[in-house]
Amino acid sequence: MRLSLLGIAVFAASVSTAFAQGDAPKPDPSHITFTMPKDIAWKKSESMDQAVIFGDPAKPGLYGLLIRWKAGHFSRPHFHNTDRYAYVISGTWWVSSSDTYDIAKTYPMPAGSVVTDLAGKVHFDGAKDEDALLELVGMGPVTTTPFDAARK
């Protein structure tokens, strides 16, 4: 009987929350701006999807990205001209500070990890067995230089 009452209470709370959200006025865009998940503009590729959620990495100033590394895909050794700060939202992001590409020598960063790609330091990263979703923040303009190109 307790489980039945608990189930009814949970159902009633979820229904009332859904109706309350439908009746609530949208925030004034001069106070709060937002983008709903369905409206995030993802640029998709075979290896990863990327969405700029604020700013512009090609211009001066703060920017934020969402990056979804697809399982089985990795970048090659490279470096950036500015520090970049990553938070692993879901999945496991695999990273290496080596200038030699070898995914067997990558280190796992599970969901909840915070990682800093330091400016001018070589690294590579990606996802092994599952997709990994990251939020990445930095100061633009950012450039990415392949390590092999920098050696020439």
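Residue separation of Ile103 and Ala51 scaled by 0.36 nm, minus their Cα-Cα distance, works out to 16.2 nm of gained length. Annotation: the residues Met36, Met48, sorted from fewest to most other C-beta atoms within 10 Å of their own C-beta, follow the order Met36, Met48. Normalising the average separation of contacting C-alpha pairs (under 8 angstrom, six or more residues apart) by the number of residues puts the relative contact order of the range 64-146 at 50 percent. For the range 45-111, chymotrypsin sites (Phe, Trp or Tyr not before Pro) meeting the loop criterion (DSSP other than H, G, I, E, B) and having at most 16 other Cβ atoms within 10 Å: Tyr101.
Each reported figure results from applying straightforward, stated rules to the coordinates on display, with no laboratory input. Keep in mind that this is a model prediction, so the values were computed, not measured. Quick reminder, even Gly has a Cβ in these numbers, built from the backbone with ideal geometry, and neighbours come from all protein chains shown.
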